[in-house]
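Trainee: Take this structure, written in structure tokens, and hold onto it; I'll ask about it next.
The values are calculated or read from the model by the stated rules, or taken from the named source; none is laboratory data. Just so you know, these numbers come straight off a predicted model, no measurement behind them. Positions of Cβ are backbone-derived with ideal geometry, glycine not excepted, and every protein chain shown enters the neighbour counts. When the accessible area is computed, the model is the full protein with side chains, heavy atoms only, and any ligands, DNA or RNA have been set aside. Shrake-Rupley method; radii C 1.70, N 1.55, O 1.52, S 1.80 Å.
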Amino acid sequence: MSDAAQIAQLVVKHRHGLLAYLYGVLPDAHVAEDLFQEVCVVAVQKAADFQDGTNFVAWARSIARNKLREQLRRRSGVVVDDAFFDGLESAFDAVRSTLDPDARKDALRHCLGRIQDRARQMLVWRYEEGLSAASIAGRTGQSRASVNSLLQRVREILRDCVERRSAEARA
Amino acid sequence: MNAEERELLHRHLNGDLNASEQAAFFARLQTSPELRRELASQALDETLLSEIILEGRTVARPSSRRRAWVPVSIAAAMLLGLTVILALGRGPSLVLRVTSLEGAAVLHRGGKEEAMYPGQDLRWGDRVATTRGGVVLERKGLRLEIGPDSAFEFQRYKGVEALSVEKGVVRVTVSSEQNHSFGIQQGTLDTKDATIRVEVASHRTLIDVERGSVELERQPGVPITAGNYASVTVAEVEIGRLIGRPRVEDAVRRAARFLESRRNDLVTPMVSEKRHGTAPRRAYAELALLALHRAGVPDTDPLKAELLGLVKGRSIESTYAAALQALALAEIDPAAHHGRIRLCAQLLVDSQCANGQWDYAVKPALSDDPAALQVRRRQEGPASGDNSVTSYAVLGLSACSRAGILFDPDVVERARRWWIQCQNVDGGWGYNDSGNRNANDADKRTLTTNASYGSATASAVASLAALRGMREGDGRPDNAILRGLEWLGANFSVDRNPRKDPGFVHGHWLLAAARAGTILGTERFGSHEWYAEGADFLLQAQQPTGGWRLERGEFMAPEKNDVLDTCLAILFLRRAP
């Protein structure tokens with residue numbers, strides 16, 4: 001059993017992991033934010049159900065599952081079962097155990113400073129305004145395919161840069 | 001993972017899949033552990049990138065409607081976890097009402113802007129931006145005094161309400177009847193029966209506890225009690241001793257009156273007697289204008305108005321004048337003085353030395369296209385200068401940058417390279433006159449030296465921090481700054497410029513330390529609380545006239561030392577960046 005303040009602290013501690021999980025299923029920063037808030041609220045309300053010493057992330061994700069199911073059904077009529085979430089959660093756990101979000105964020109910030117303005121603008125549209133590839137294409141006059149491939153390329157460049165940087169930090 | 005799966009993954013992340021493609025992608029996820037891992041790893045990066053981009057936006061455009069992503073969510077959750085606050089629907093006594101209004105404040109409501117007026121009731125969802133004056137809001141058990149240049153949002157999420165402070169200052173008085181929680185960028189704080197002052201900057205929040213106590217949700221069970229402050233950043237919470245604001249206010253008011261009594265000294269340009277020829281190098285008018293402005297003297301004050309007219313009307317011949325003029329005008333009204341600030345930027349850019357320093361005299365600016373996006377370097381300055389004037393030039397450029405002026409990134413890079421090159425092995429900095437880095441002059445305690453000393457080191461740290469702020473998007477850890485901070489921590493003293501004789505460039509040292517601390521958002525150099533110690537010292541050293549006389553050397557113009565020191569002291573007491 002736990003109190004609301006403890007849960008609130010755990011939410012802060014695991015925010016990146018929870019947000020990433022929500023974002024992985026519904027990749028829209030604003031939707032993920034709203035869902036995250038809803039998960040936080042439910043977690044705090046149900047604080048008494050959480051057993052100290054058990055896996056908080058797994059518990060919070062069980063709340064998130066219901067929210068995600070509801071959203072997927074409403075937005076695209078897609079229905080997913082528990083096996084889908086189980087598999088996904090193991091993958092998120094594996095990533096979580098190997099990455100330090102704060103260090104990763106520093107590295108990303110550094111690398112983001114190195115990419116071209118045009119590419120950065122795409123990211124701003126995607127994350128800040130939540131525009132889809134189609135909407136960005138509409139704004140820039142490019143084809144959807146070229147926006148998709150540019151965004152993919154930017155992610156790859158950022159990942160290379162971050163990994164090179166992490167390797168340097170280890171060396 | 002094959003190319004098709006990779007493409008599907010990226011289109012998923014781009015929000016580009018239709019319903020059937022989405023179902024197909026999820027089916028692939030179920031069969032491919034590699035694809036799942038890739039999604040998990042990419043989703044974490046995307047989340048972090050979103051945060052970085054939204055943080056950047058908050059910093060770059062403080063008036064934007066959307067705040068950083070996570071803190072809002074956390075605040076909403078936190079509020080539920082703590083004693084509930086400001087609950088809606090309890091009847092008319094809980095309406096939040098504008099009870100006093102000074103200057104103009106803008107209310108954003110339902111996508112429209114309205115002027116605020118006394119007696120008006122606020123609704124949750126409203127956003128309030130103040131400009132020159134403050135606003136007082138009250139409801140039963142709660143009084144909110146919102147300062148000038150502040151922005152707040154009254155949020156409601158699932159029946160729970162929060163006051164979200166985006167920038168500026170709010171003084172909150174909470175009665176004993178209710179607990180209140182406040183969402184700040186770095187979390188929430190919880191208080192009851194207390195008076196606190198909350199000041200929000202882009203990267204940290206300062207909370208002064210004047211009465212009662214507050215608790216930060218990040219440090220439960222550790223209340224911050226009356227007479228202390230907390231400086232809260234995402235990474236850490238620093239708690240320290242508060243210098244009573246009424247004492248500081250009184251000292252600053254007396255200091256402003258002292259400056260007013262010395263009008264003649266302020267309006268007469270000084271002529272340099274140093275190696276640099278006859279350029280007027282002491283920009284008292286600009287410095288006094290900045291000090292009076294920071295002291296809270298209104299624009300209608302006759303001396304302030306006279307100084308403003310004077311500095312805007314005369315030609316700018318020295319680096320100090322250009323830098324200080326940019327600092328003053330960018331604070332007074334960056335939009336109204338845009339042209340003049342741009343001129344200062346052009347002068348500074350065109351006068352940078354080949355080695356990255358600045359010298360005393362500015363080159364007459366070659367005019368640039370005033371509509372051009374960037375101020376470009378049109379000519380090269382002299383070969384070298386010194387570190388003291390260089391630190392002012394950098395602060396001036398930083399003010400231009402805050403006022404929205406963009407300039408050639410090479411200027412920033414060249415200055416940064418210089419500061420890094422001339423850092424001493426002990427982590428401190430010296431004066432490096434004419435770019436000279438070899439003089440063996442450690443024992444000269446009454447002169448500028450290349451050996452490290454306090455004012456030079458603090459100026460260098462402040463410069464590097466300001467330059468870092470101008471290189472948006474670059475989070476490179478700055479070793480030079482960290483080593484400089486270590487030097488300051490080890491050598492800090494308020495009664496003299498560290499490693500120099502008492503009275504040597506004392507006021508400049510205190511102000512440089514304040515600049516370094518403020519720009520970096522740190523309250524401590526090593527174990528020293530720079531503001532508390534410095535303010536204690538200055539409050540005791542203030543003369544009955546209201547002025548200060550800290551300088552004892554002949555280095556500065558002796559007959560005007562008290563005018564200069566008083567300006568510097570005001571800026572320190574106001575935590576000048």
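Trainee: Scan segment A:18-31 and give yes if some residue there is modelled with pLDDT under 85, farther than 20 Å from residue B:49 by Cα and either buried (at least 16 other Cβ atoms within 10 Å of the Cβ) or among the small types (Gly, Ala, Ser) (or both), otherwise no.
Mentor: No, every residue in segment A:18-31 fails to be modelled with pLDDT under 85, farther than 20 Å from residue B:49 by Cα and either buried (at least 16 other Cβ atoms within 10 Å of the Cβ) or among the small types (Gly, Ala, Ser) (or both).
Trainee: OK, next. Go over the candidates A:45, A:71, A:6 one by one and state the one that is farther than 27 Å from residue B:235 by Cα and over 20 Å from the mean Cα position of the chain (by Cα).
Mentor: On inspection, the qualifying residue turns out to be A:45.
Trainee: If you don't mind, there's one more thing I want to ask. Which of the residues that make up segment B:413-432 are touching a helix residue (DSSP H, G or I) at 6+ places or on another chain (Cβ under 8 Å), more than 16 Å from residue B:385 (Cβ to Cβ) and open to solvent by 20 Å² or more (accessible area, probe 1.4 Å)?
Mentor: B:420, B:423, B:426 - these are the residues of segment B:413-432 that are touching a helix residue (DSSP H, G or I) at 6+ places or on another chain (Cβ under 8 Å), more than 16 Å from residue B:385 (Cβ to Cβ) and open to solvent by 20 Å² or more (accessible area, probe 1.4 Å).
Trainee: Further, regarding this structure: Looking at (1) open to solvent by less than 40 Å² (accessible area, probe 1.4 Å); (2) part of a loop (DSSP other than H, G, I, E, B); (3) at pLDDT 90 or above, find the lone condition where residue B:372 falls short.
Mentor: (3)
Trainee: Let me ask something else. Scan segment B:102-124 for residues that are of a type in the set (Gly, Ala, Ser), open to solvent by 40 Å² or more (accessible area, probe 1.4 Å) and closer than 16 Å to residue B:152 by Cβ and jot them down.
Mentor: If the condition is that a residue be of a type in the set (Gly, Ala, Ser), open to solvent by 40 Å² or more (accessible area, probe 1.4 Å) and closer than 16 Å to residue B:152 by Cβ, then B:103, B:104 are the ones that fit.
For every residue, the table says whether it meets (1) outside any helix (DSSP H, G or I); (2) within 23 Å of residue B:561 (Cα to Cα).
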{"residue": "B:287", "(1), (2)": "no, yes"}
{"residue": "B:312", "(1), (2)": "no, no"}
{"residue": "B:315", "(1), (2)": "yes, no"}
{"residue": "B:328", "(1), (2)": "no, yes"}
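Trainee: Moving to a separate point now. How many residues are facing another protein chain (nearest Cβ under 7 Å), assigned to a helix (DSSP H, G or I) and surrounded by 17 or more Cβ atoms within 10 Å (Cβ to Cβ) if we restrict to segment A:127-146?
Mentor: Number of matching residues: 4.
Trainee: Which members of segment B:4-34 meet the condition of being more than 7 Å from chain A (Cβ to nearest Cβ) and under 45 Å from the mean Cα position of the chain (by Cα)?
Mentor: B:6, B:7, B:8, B:9, B:17
Trainee: Failed condition for residue B:345, given (1) farther than 19 Å from residue B:402 by Cα; (2) crowded, with 22+ Cβ neighbours inside 10 Å, with all others met?
Mentor: Checking residue B:345 against (1) farther than 19 Å from residue B:402 by Cα; (2) crowded, with 22+ Cβ neighbours inside 10 Å, the one that fails is (1).
Trainee: Taking interchain pairs and intrachain pairs at least six residues apart, which have beta carbon atoms under 7 angstrom, with the first residue in segment B:126-145 and in contact (Cβ under 8 Å) with a residue 12 or more places away in the chain and the second open to solvent by less than 20 Å² (accessible area, probe 1.4 Å) and among the hydroxyl-bearing types (Ser, Thr, Tyr)?
Mentor: Qualifying pairs under 7 Å: B:130/B:150.
Trainee: Being of a type in the set (Gly, Ala, Ser) and in contact with a strand residue (DSSP E or B) (Cβ under 8 Å, 6 or more places away or on another chain) narrows it down to one of B:427, B:396, B:454, B:381, so name that one.
Mentor: Among B:427, B:396, B:454, B:381, only B:381 is of a type in the set (Gly, Ala, Ser) and in contact with a strand residue (DSSP E or B) (Cβ under 8 Å, 6 or more places away or on another chain).
Trainee: A further question on this structure: Within segment B:437-450, can one find any residue that is crowded, with 19+ Cβ neighbours inside 10 Å, in contact (Cβ under 8 Å) with a residue 24 or more places away in the chain, at negative phi and not in a loop (DSSP other than H, G, I, E, B)?
Mentor: no
Trainee: Which of the residues that make up segment B:7-34 are touching a helix residue (DSSP H, G or I) at 6+ places or on another chain (Cβ under 7 Å) and of a type in the set (Ser, Thr, Tyr)?
Mentor: B:32
Trainee: Let me ask something additional. Assuming residue B:410 fulfils every condition listed in (1) open to solvent by 20 Å² or more (accessible area, probe 1.4 Å); (2) in a loop (DSSP other than H, G, I, E, B); (3) not β-branched (Val, Ile, Thr) apart from one, which condition is it?
Mentor: Going through (1) open to solvent by 20 Å² or more (accessible area, probe 1.4 Å); (2) in a loop (DSSP other than H, G, I, E, B); (3) not β-branched (Val, Ile, Thr) one by one, residue B:410 breaks only (2).
Trainee: Right, next: Restrict the check to segment B:547-568 and report whether at least one residue is open to solvent by less than 30 Å² (accessible area, probe 1.4 Å) and within 27 Å of residue B:230 (Cα to Cα).
Mentor: Yes, there is a match, as at least one residue in segment B:547-568 is open to solvent by less than 30 Å² (accessible area, probe 1.4 Å) and within 27 Å of residue B:230 (Cα to Cα).
Trainee: Of A:114, A:170, A:159, A:96, which residue is within 9 Å of another protein chain (Cβ to nearest Cβ), more than 26 Å from residue A:34 (Cβ to Cβ) and open to solvent by 70 Å² or more (accessible area, probe 1.4 Å)?
Mentor: After applying the criteria, what remains is A:114.
Trainee: Further question on the same structure: Please verify whether segment B:515-525 includes one or more residues that are closer than 19 Å to residue B:462 by Cα, in contact with a Gly (Cβ under 7 Å, 6 or more places away or on another chain) and open to solvent by less than 10 Å² (accessible area, probe 1.4 Å).
Mentor: yes
Trainee: Return the residues of segment B:236-253 that are surrounded by 18 or more Cβ atoms within 10 Å (Cβ to Cβ) and more than 20 Å from the chain's Cα centre (by Cα); say none if nothing qualifies.
Mentor: Answer for segment B:236-253, where residues must be surrounded by 18 or more Cβ atoms within 10 Å (Cβ to Cβ) and more than 20 Å from the chain's Cα centre (by Cα): just B:251.
Trainee: Shifting gears a bit: Looking at (1) outside any loop (DSSP other than H, G, I, E, B); (2) modelled with pLDDT of 90 or more; (3) surrounded by 17 or more Cβ atoms within 10 Å (Cβ to Cβ), find the lone condition where residue B:498 falls short.
Mentor: (1)
Trainee: A further question on this structure: Can you work out which of the residues in segment A:76-93 that are more than 8 Å from chain B (Cβ to nearest Cβ) and assigned to a helix (DSSP H, G or I) is farthest from residue A:14 (Cα to Cα)?
Mentor: A:82
Trainee: Exactly one of these conditions fails for residue A:102: (1) within 9 Å of chain B (Cβ to nearest Cβ); (2) in contact (Cβ under 8 Å) with a residue 12 or more places away in the chain; (3) surrounded by fewer than 16 Cβ atoms within 10 Å (Cβ to Cβ). Give me its number.
Mentor: Evaluating residue A:102 over (1) within 9 Å of chain B (Cβ to nearest Cβ); (2) in contact (Cβ under 8 Å) with a residue 12 or more places away in the chain; (3) surrounded by fewer than 16 Cβ atoms within 10 Å (Cβ to Cβ) leaves (2) as the failure.
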